[in-house]
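Below is one structure, written out as structure tokens; comments come after it.
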Amino acid sequence: MRLSTRSRLTVRVIALAYLGVLLVLPIVVILVRTFGEGIGAFVASISTPAAISALNLSLLIVAIVVPLNVVFGVTIALALVRGRFAGRGLVQAVVDLPFAVSPIVVGVSLILLWGVNGWFGGFESLGLRVIFGLPGMVIATIFVTLPFVVREVEPVLHEIGDEQEQAAATLGASGWQTFWRITLPAIRWGLTYGVVLTVARALGEFGAVIMVSSGFPGISQTLTLLVHARYIDGHNTFGAYSAATLLMGIALVTLLLMTLLDRKRTAR
């Protein structure tokens with residue numbers, strides 16, 4: 001169907017207005033509120049011990065979650081594409097479960113499993129505190145970010161096929177050598193894209209993390225929880241806007257990196 005010039009312009013204006021109201025306007029409001037008192041006030045707000053601790057904790061969670069999701073994500077993707085086993089459809093459904101389940105539900109489920117009276121609550125007596133500590137926050141973040149590496153690597157594996165892997169095997173290469181020299185170079189762009197998505201989601205996760213975190217500054221408060229604490233509990237709107245701007249800046253850098261990688265992958 002061919003649209004007239006006027007119709008095309010109308011569609012573009014509506015689309016731009018929609019994006020402007022939903023995306024651009026809130027960002028502009030946050031930036032105006034953040035830098036309305038000057039750069040110095042913004043720097044001071046994100047340089048407090050609570051803000052630095054929240055940033056460090058967020059980065060620590062990312063540093064733990066990303067390698068684990070890379071290892072298990074690539075393993076699951078290889079099993080789904082290269083393997084033929086009973087229950088394969090169930091595994092596919094489980095991988096997509098974080099997309100369908102609310103993060104709040106994830107947090108409640110983790111409390112029921114790892115809480116004091118949960119199935120695995122005995123770890124508390126051993127000195128390992130999962131809920132309201134770093135382990136619980138890591139588990140919650142792993143769950144909500146699990147699909148990204150799998151769903152980015154899986155179509156690449158379908159596309160490249162297994163002819164080169166079979167050829168390497170016939171030449172005497174071990175499974176490990178085949179993976180490092182054939183499979184991994186072939187999936188590196190899809191894997192990198194999945195890693196970037198995982199980083200972005202891990203940094204911005206709120207619903208699941210707030211359920212399993214005590215929220216105490218310097219102990220188990222991430223950047224997203226800091227924004228919530230400053231705005232809701234502390235009535236510090238400027239501090240909340242400053243922390244949100246810091247989080248948004250990290251997210252924008254991640255998004256820019258993702259876009260550049262996507263263009264490079266498409267060109268290749």
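Just so you know, all these numbers are worked out from the coordinates, no wet-lab data involved. None of these values were measured; they are calculated from a predicted model. Backbone-built Cβ (ideal geometry, glycine too); neighbour counts: all protein chains shown.
General observations
- The value of relative contact order for the chain, using C-alpha pairs under 8 Å at least six residues apart, is 28 percent.
- Given charges at Cβ of Lys, Arg, Asp, Glu: the chain dipole, positive-most of HIS158, LEU191, VAL66: HIS158
- Each of SER242, SER7, SER53 was scored by other Cβ atoms within 10 Å of its Cβ. Listed from fewest to most, they are SER7, SER53, SER242.
- Calculated Rg and Dmax of the chain using C-alpha coordinates, Å: 22.3, 71
- With neighbour counts taken as other beta-carbon atoms within 10 Å, the residues MET211, MET248 rank, fewest first, as MET248, MET211.
- Per-peptide packing, taken as the mean over residues of other Cβ atoms within 10 Å, places 215-228, 55-68, 156-169, 23-36 in the sequence 215-228, 55-68, 156-169, 23-36 from highest down.
- Protection proxy ranking of 74-84, 192-202, by the mean of other Cβ atoms within 10 Å over each peptide's residues and highest first, is 192-202, 74-84.
- About the centre of its Cα atoms, segment 39-267 shows a dipole size close to 180 debye [charges on the beta carbon of Lys, Arg (+1) and Asp, Glu (-1) only; nearest 20 debye].
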